[in-house]
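Every number in this text was worked out from the coordinates using simple rules, so none of it is lab data. The model shown is predicted, which means the values in this text are computed figures rather than measured ones. Here the Cβ positions follow ideal geometry from the backbone for every residue, glycine too, while neighbour counts run over all protein chains shown.
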Amino acid sequence: MPAIFTVDPRSGVPIYLQLIEQVKRSVAIGALADGEQLPTVKALALDLTINPNTVARAYRELERDQVIETSPGRGSFIRANGAGASSKQAVSAMAATSLDNAIREAKAVGLTRTDLNALFEDALARWFPKKENA
């Protein structure tokens, strides 16, 4: 399986959380299918040049969230029933992470809550225009 995961150690987001988000996003958009095998902890750690414990932590969290299942000696797989059932949760989690990152950046450049709320309402109006008859 070609590696579809990347990490950015300078992003401020812990690497294990980056991996979790990427797996959940891949499941949500169908890039990873039910029953598909993930790279081994060692292989992914080598590919991304990160500590295997970091990958193992991400896999443990994904298993706890019922996105993957791990079978000793066989590997880690996208959960057949959990992946489909949790794809909406995965999309929501992905959106929440994106919003958190945007809010953190806005706060870092000095925007206030009021400024950010106005920007958010403008963006919502652009992406979700109100229907005239609604």
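For the chain, a Gaussian network of Cα nodes joined below 10 Å ranks Lys24, Lys107, Lys42 by mean-square fluctuation, and the top entry is Lys107. Think of the chain as having a plus end and a minus end, set by charges on the Cβ of Lys, Arg, Asp and Glu; of Leu62, Gly110, Val7, Leu62 sits farthest toward the positive end of this dipole. Result for the chain in a Gaussian network model with C-alpha springs under 10 Å: among Arg104, Arg57, Arg25, the largest mean-square fluctuation is at Arg104. Once the Cα-Cα distance is subtracted from the 0.36 nm per residue extended length, the Asp115 to Arg74 segment shows a gain of 9.6 nm.
Of the residues Asp34, Asp115, Asp65, the one that moves most in a GNM of the chain with alpha-carbon contacts below 10 Å is Asp115.
Which values of log₁₀ I(q)/I(0), to two decimal places, follow from the Debye formula for the stretch 15-94 at q = 0.19 Å⁻¹ with a uniform point scatterer at every Cα? Taken in order of the listed q values, log10 I(q)/I(0) reads -0.73. Taking the longest Cα principal axis of the chain as reference, the axis of helix 15-29 is set at about 80 degrees. Here the mean projected area of the convex hull built on the C-alpha positions of the chain is 10.6 nm². Dipole magnitude for the chain: computed about the Cα centre from +1 point charges on Lys and Arg Cβ and -1 point charges on Asp and Glu Cβ, it is near 140 debye. For the chain, lysine pairs with C-alpha atoms less than 26 angstrom apart, excluding pairs fewer than eight positions apart on the same chain, total 4.
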